[in-house]
Amino acid sequence: MISKKNAEKTDTQAVLVRMSVEMIEKIDALRRTEDDLPTRPEMIRRLVEQQMGRKDG
């Protein structure tokens, strides 16, 4: 049986992005406004998905 962790690795890829300290601080501040306090990578995913949704619609 394939674990969920292994399944996620087959359909995702890691992306390394350098950001200024100022940008990271802004992302962290935005994270704290969310009810579930997402991780930094999750918050970045949410922001990217929101932006992509704006361009699609």
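Every number in this text was worked out from the coordinates using simple rules, so none of it is lab data. This is a predicted model, so every value here is computed, not measured. Quick reminder, even Gly has a Cβ in these numbers, built from the backbone with ideal geometry, and neighbours come from all protein chains shown.
How many residues, within segment 20-57, are in a helix (DSSP H, G or I) and among the small types (G, A, S)?
Of the residues in segment 20-57, 2 are in a helix (DSSP H, G or I) and among the small types (G, A, S).
Have a look at R40, R31, R54 and point out the one that is of a type in the set (D, E, K, R) and in contact with a Leu (Cβ under 9 Å, 6 or more places away or on another chain).
R31
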